[in-house]
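Notes follow the structure.
The values are calculated or read from the model by the stated rules, or taken from the named source; none is laboratory data. All values reported here derive from a predicted model rather than from experimental measurement. Cβ coordinates were reconstructed from backbone atoms using ideal geometry, including for glycine residues, and neighbour counts include every protein chain displayed. Keep in mind that these areas ignore ligands, DNA and RNA; they rest on the heavy atoms of the full protein, side chains included. Shrake-Rupley method; radii C 1.70, N 1.55, O 1.52, S 1.80 Å.
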Amino acid sequence: MGLENIIHNLDDAHISEVMRVEAEAWPEELRASEEKFRSRLKIFPEGFFGIYVGSVLAGTLTSMRTNKQPTEDLKWAEVTGDGYIKNHEPNGRWLYVASLGISGRHAGQGLGKQLLAGGAFRLAKTSGCAGVFLQARPCDYDKYCKTNGELPIERYLKLRKADGSHIDKELRFYERAGFEIVKPVENGEEDKASRNYTVTMQYLVK
């Protein structure tokens, strides 16, 4: 089945499915509220995507446009207006991914990569954007330091496995999807596993 057959823009009629996916994708403390999802739908429906497995919604991606640059020291809450995307810039040069969630029941099926390629990347290209960027969580950073000794985040971002892929599972996922690391951001998001760092990653439209 092609991407065009399983990825669709969503609307208010899908909000209960969206909230189910959010609950299945994230622990309670990391979930976005229904109010925030409704705000994203109202402000930028073109950037709100869902991916289906058969007739079941299995993942969602929300985005916004911005003139902020990936090279800036940006925090997710700052770019997205705390998740409501009320600072969306209709003619923004960049597409920013506000959220990406895949139901745990469908993890490991490549749906996140498909959502990025068939949703965000495609939209960025057809809209004339320079590219797509986001804030990733280096979710294995704290565990690595406790196991192997303290290491500055800049050096951690350079660590690779024998096959050349990143040792951090979230950074590895985004790199395999087509993103590249731009820079770490200190106190980007409160998260013990990543020691409150986020990592700005970008995909340039080809």
For this session: Give the accessible area for Arg195 in Å² (nearest 10); use a 1.4 Å probe, count only protein heavy atoms, and leave out ligands, DNA and RNA.
Result: 70 Å²
Exercise. List the aspartates and glutamates whose alpha-carbon lies under 14 Å from that of Lys192, not counting same-chain residues fewer than 8 positions away?
Worked result: Glu29, Asp140, Asp142
Problem set entry | Amide hydrogen neighbours beyond the local backbone of Ser99, cut-off 5 Å, H modeled | Thr62
For this session: Please work out the C-alpha center-to-center distance from segment 101-128 to segment 36-83 and express it in whole Å.
Result: 12 Å
Seminar exercise, completed: Expressed in square angstrom to the nearest 10, the accessible area of Phe49 with a 1.4 Å probe stands at 10 Å²
Problem set entry | Length released on extending from Thr71 to Ala162, taking residue separation times 0.36 nm less the Cα-Cα span | 29.9 nm
For this session: Return the subset of Lys68/Lys125; Lys86/Lys158; Lys125/Lys161; Lys42/Lys169 for which the Cα-Cα distance in this structure is over 27 Å, preserving the input order.
Result: Lys86/Lys158; Lys125/Lys161; Lys42/Lys169
Seminar exercise, completed: With every protein chain in place, the accessible area of Asp140 for a 1.4 Å probe, in Å² rounded to the nearest 10, comes to 30 Å²
Problem set entry | In Hz, Karplus ³J(HN,Hα) per residue of segment 118-132 (6.51, -1.76, 1.60; θ = phi - 60°; x = Gly, Pro) | x, x, 5, 5, 5, 4, 4, 5, 6, 8, x, 6, 5, x, 10
For this session: Mind putting a number on the dipole of segment 21-167 about its Cα centre? Charges go on the C-beta only, +1 for Lys and Arg and -1 for Asp and Glu, and I need it in Debye to the nearest 20.
Result: 440 debye
